Structures are given as structure tokens and as C-alpha cells.
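Worksheet: the structure to be examined is printed underneath.
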Amino acid sequence: MYFQQVSAFPFTIKHLSDRALILQWPAGDMSHELSNEILAWYHALLPLKGDLITDLVPAYNSLAVFYSIHKLGNTHKTAADALMELAGALPTPAATGIEGKTVHIPVCYEPSVAPDLERLAAEKNISIEEIIALHSGPRYRVYFLGFLPGFAYLGKLPAALQVNRHEVPRQRVPAGAVAIAGYQTAVYPLESPGGWWLIGKTPLPMTDFTNPDFCRLQPGDSVIFKPISLDEYHHYKGGAV
Amino acid sequence: MSIIITKAGLCDTVQDGGRYGFRHLGLGPSGPMDAFSAAVANSLVGNHQLAAVLEMSFPAAVLRFEKPALIALSGANLNALVNGKELSLNRPHLLKSGDVVRFGERQAGVWCYLAVKGGFQGGTLLGSQSTHLAAALGKRLAKGDRLQFDTRNLDLDNTKLTWQASLPPESPRIRCLRGPEWHLLSGEDQLALSSQSFIITKDCNRMGYRLEGPPISGGDAALLSSAVESGTVQLLPGGQCIVLMAEHQTTGGYARIASVISADIGRLAQLPAGETFCFEFIDVAGAEALLLQQQHYLAQLAQSCKLKLQSLNDDLGD
């Protein structure tokens, strides 16, 4: 199979549904290398979206390819065969590489806007200043978006901050909450239930549905969190998506 | 000014074909719970199959028409009445200004679709009118809300609206594909899934339908999040399953053990709490054939209704 021959990371192709295939890499931890591979395929297939391919959904170790059964019907091929033929005409993923922009997200790390901050400090036996330094240090990768529109899964969180999700999720996490769970961090774009630890809050909107490019973050982008004061948080202006 | 909601229902929303192309940003298409019935209603009034319709469930809204409309209802039988008279499903009806449509007890199905000739014209977000409650795109209709539609060529004789949709027979089982994590199940569990009955629980909404059935093991291991879609059957910790529906999240971390075929998702959505059913596992070729068959039926219905409407308009002369 073409993909597997050129990929350093062998994968299988299965049906997610009768309208979507899923390229599945072996389960493992989140890895930048695997993410590079998946995002390279994602970007290589993106120009084909709108014809046979209707949507592409990357994730930690998979890439879902949604397709049009009508366009497929014209070719009398199976979905997997049609997809591989298309892929055969593309430049190899290694050559395509990752595209992405760097986004700076201002975050206020204060207990009054981050209800789990003090609890995390106690749990890890470190100071809030250390939490801020650890969390805002790395350049995070947007692995993918899911769960909610505009919810970007960012990794990899430093091991010193690693915590499991709350056993009982909150009924309401506010929009703008900056949160951590496992080796992931994220910003909740809308109010929603959630089980992640809330350690900060951003005044920057993550989505704008009046805009066709409605998400601030796309798969493959990089994120750097910038600490801001409570005062700056309350007076923050600007920042269109 | 067109239809006013004089009493709100529990969950009435406007849905068109859906909002596609945004899954990579975490936004699923939403759309009708039973796309087939929505398409039937649209076809009966000469609309494009994916035109915006009103989706209702019990208890449904009370609607007052402020101008004449050609409408059709399909899907669930919620005992619709217009000015106290029965408003039957699957055929067009010409309503006058001032007519009031009410719904009574649920008789069959769950989701009822009302299509109006011309389609509803509401707020479009990212190219679609489909309400996505979880994403806060659109909202449930409330008392005082108005639904706009464009009325043209409505100088019709109500007695000449004789066509109706005779729906194709339904299979007794819900057909599905094996899911990406099917191989994680034991042989006994795979057999149980394909032979035992499942019950629709009360815990059902536009996001997903929780089922009650033989406990299946293997759901406790946490998996890395991966794409899911309508019809995806997830195995939850504890051994029970949930079938994702129109407002599903775009990714999930539970084992995807099966996928209800596109042609049968609407039928599953119409099963009320307490109803039992069985899965029937088929292959992709079979699933595609069934979907194409369904779409062929819809295309023929749309064509024949359009011709009938056309001939009525022609009869009136110029």
C-alpha cells in the first residue's frame, strides 16, 4: 500500500463509517514525530477537500478522511482505493511538511479566575510562580481540534504539571478557561462541562462564528502562553480572531 | 412575518442539510436527526431536499401562520391538527393566513419535520441555518419567535393537492458496520452485539442516544481521542453503549465498536425511549447500496412532486 511504503510510521486504513475512512497509527503516547507525520498527510490532502474529500480530522494517532459517496460512485472504486490513488499523485508527506502560525495567548494565572490553581500548587507541592513558569514555558503544538468548536488540544505539557482529569467534571467551565489534563493543555472556547484543571483564564476569544475562518487555532499551529496581570486581564481589548 | 410560535415546544429547531467542512475545527455538521424524513417533507412541497425545515419533538410548538403557505409534515406522528382538523403526514397541505397548527400526543416516532414551500429563511451562520445547540449556533424556538419564508405561486386549489409519499418498507433491524475498535472485543461480545436486543433509554437527545443492552467488556481502557461521527457506537466504561447523533462531538476517547449506516441513522433516531431493536452487521458495499437506494427514492419523489406542482401552476393559466 502506497502510504505504508513511504511512511516511517505504518498505519492501517479502516472505515469510521460508510462515509469516512480512518487512517490509524498504532496507539502510544502523544508524540511530536507522529504528529508531524499526521499533519503532513493532513496538509497534503487538504487541497483535495471540496471534491471527493469533504472533511479531514486529524487526532493524536489518526486522520479521518470524510468523502462524498457520489463522487466515489462515479469511479466504481472502493473508498480506500480511490483515496490511495489520489494520494499517489501527491508529493510525499515528508516533502509537504507542516505549515502553521505561532499564536500568543495572554493568560491570567490568578486564583480569582483560575479555581484549580491553588489546589494544583498544593497537589504538586510547588508554588504558583513555578506553575506559571512551567505552563508558559513551552511552545505547544496544536495537535488537533475536537470536543467543541475551537477547542484545540495542545501538547506536550511539562511532566511536572501532569494531572488526571477531575473524577467529577464541573458542570460549567467558563469560556476562556485555560486548563490542563494528562499531557495536554487547552483553552475552553465556549462555556461547557469539563473535567480538566482550570489554572488560568484568557480574555482572548478563541472563535468568531461570523468569520468563515472562525478559529484562532488550526491543526499544526504553535501556541505560546503569555502571563498577564489581573488588571491587564480585566482591561484587555482587541484580538480579533 | 410568516409563522409565529405562539407556544414553545420542548426542542424545536430549524435544520437544513447541515454545516459541512468544519470538523477539523471541532464543529460537526448538526442537521436533522432524521434526514430522510426532512427530505420527504421538502420534496412534497417542491423544495430542494436540503432546504431548511422545522424539526419538532413532543411536546411540540403551536404555530400560527400569518400568511398562506404550502406545507408538508413527515417523520413522527405527533397528531398534528390545523384549526382542529387532522393534518396528515406525507402529503402537502395549503394553509391560509390565520391558520393555527397544534400537535397532540406522540403516536409514532420522535422527530417531526415541517417543510414550507420556499424553505425557511433564517439566520445563516457559516453557510447553514442548522441549529447546533451544543455549539450555541442558533437556539431552540421560543414563544414569540417568527419563522420567515418566501411565498410564491401559491394560488393553488387545495383539492388538487392529491399527491403523497408512500414510504419504502423498513428493515426490522438497524444495519451497521463494524467499528475501528471492533477487534478489541471478545468473540462473545461481538456475538452479543449482533444477536441480542438493545433498548433505547430515556437518556437521549440531539447529541446521542444511550442504549441499554448486554454489558460489553473492554470499555474501561482509555483511548487517545480520535474522530467520531453520527452513527458511531461508542462503548462506555461500565459496558453500555451510546450512539452518536446529529450534534455529536467531532472527536472522542471511547472505543468505536460499530457505526450505524447512513441509511438507518434516521430510523434509529425515530425510536422512542423503551423501544427495542437489534443490530445487523453488514459490509461497506451493502451500506453504500442502501444509501444510494434511499437517495434514488428521494430523487424520484422530488421529481414527481415538482412535476405535479408545475402542472397545477400551469393549469391556472397566465
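All of the numbers you see were taken from the coordinates with simple rules; none came from a lab. Quick caveat, the model's predicted, so the values are computed rather than measured. Note that we place each Cβ from the backbone using ideal geometry, even for glycine, and neighbour counts take in every protein chain shown.
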Exercise. Quick one: Cα centre-to-centre distance for segment A:195-217 and segment B:261-317, in angstrom?
Worked result: 39 Å
Exercise. Expressed as a whole number of Å, what is the distance separating the alpha-carbon centroids of segment A:24-62 and segment A:117-144?
Worked result: 28 Å
Exercise. Within the set B:Lys117/B:Lys143; B:Lys96/B:Lys117; B:Lys160/B:Lys306, which residue pairs have Cα atoms separated by over 18 Å?
Worked result: B:Lys117/B:Lys143
For this session: Just rank A:Val142, B:Val100, A:Val65, A:Val103, fewest to most, by other beta-carbon atoms within 10 angstrom.
Result: B:Val100, A:Val103, A:Val142, A:Val65
For this session: Check cross-link reach from A:Lys124 to the lysines: straight Cα distance under 29 Å, and skip same-chain residues fewer than eight apart.
Result: A:Lys156, A:Lys201, A:Lys226
Problem set entry | Estimated FRET transfer efficiency when R0 is 25 angstrom, pair A:Ile126-B:Leu236 (beta carbons, to 0.05) | 0.10
Seminar exercise, completed: Computed ³J(HN,Hα) along segment A:121-136: with the Karplus parameters 6.51/-1.76/1.60, θ = phi - 60°, integer Hz and x for glycine or proline, the list is 4, 5, 4, 8, 6, 9, 7, 4, 4, 5, 4, 4, 4, 5, 5, 8
For this session: May I ask you to list the lysines whose Cα is less than 25 Å away from that of B:Lys202, ignoring any residue fewer than eight positions away on the same chain?
Result: B:Lys7, B:Lys139
Exercise. Long-range amide H contacts for A:Leu190: which residues qualify at under 5 Å (H placed 1.01 Å from N, peptide plane, sequence gap of 5 or more or a different chain)?
Worked result: A:Gly176
Exercise. Based solely on its DSSP helices, what 222 nm [θ] is calculated for chain A when runs of n ≥ 4 H residues each add -39,500 (n - 2.57) and the sum is averaged over all residues, nearest 500 deg cm²/dmol?
Worked result: -7000 deg cm²/dmol
Problem set entry | Using θ = phi - 60° and Karplus 6.51 cos²θ - 1.76 cosθ + 1.60, couplings along segment B:116-122 (whole Hz; Gly, Pro as x) | 10, 4, x, x, 6, 10, x
Exercise. Near the amide H of B:Asp203, under 5 Å away, which other amide H atoms are found, from residues 5 or more places off or on another chain, if H is placed in the peptide plane?
Worked result: B:Arg210
For this session: Could you list which residues have their amide H under 5 Å from that of A:Phe144, counting only those 5 or more apart in sequence or on another chain, with H placed in the peptide plane?
Result: A:Tyr153
For this session: Ignore the peptide's own chain and count Cβ atoms of other chains within 10 Å of each Cβ in A:59-67; give me the average, rounded.
Result: 5
Seminar exercise, completed: Checked against the positive end of the charge dipole of segment A:86-221 (+1 on Cβ of Lys and Arg, -1 on Cβ of Asp and Glu, about the Cα centre), the farthest of A:Tyr153, A:Pro111, A:Pro203 is A:Tyr153
For this session: Determine which aspartates and glutamates satisfy two conditions relative to A:Lys77: a Cα distance under 13 Å, and not lying fewer than 8 residues away in the same chain.
Result: A:Glu85, B:Glu288
Problem set entry | Average Cα contact separation per residue, segment B:185-318, under 8 Å, 6 or more apart, as relative contact order % | 24 percent
Exercise. Residue by residue, what Karplus-based ³J(HN,Hα) values in Hz, rounded to whole numbers, does segment A:11-20 have, using 6.51, -1.76 and 1.60 with θ = phi - 60° and x for Gly and Pro?
Worked result: 9, 10, 10, 10, 8, 7, 7, 7, 10, 8
Exercise. Which shape class, rounded, prolate or oblate, goes with segment B:1-57 when its Cα gyration tensor gives a ≥ b ≥ c as root eigenvalues, a/c under 1.5 marks rounded, and past that a/b bigger than b/c marks prolate?
Worked result: oblate
Exercise. What order do you get for B:Trp111, B:Trp182 when you list them from fewest to most C-beta neighbours inside 10 Å?
Worked result: B:Trp182, B:Trp111
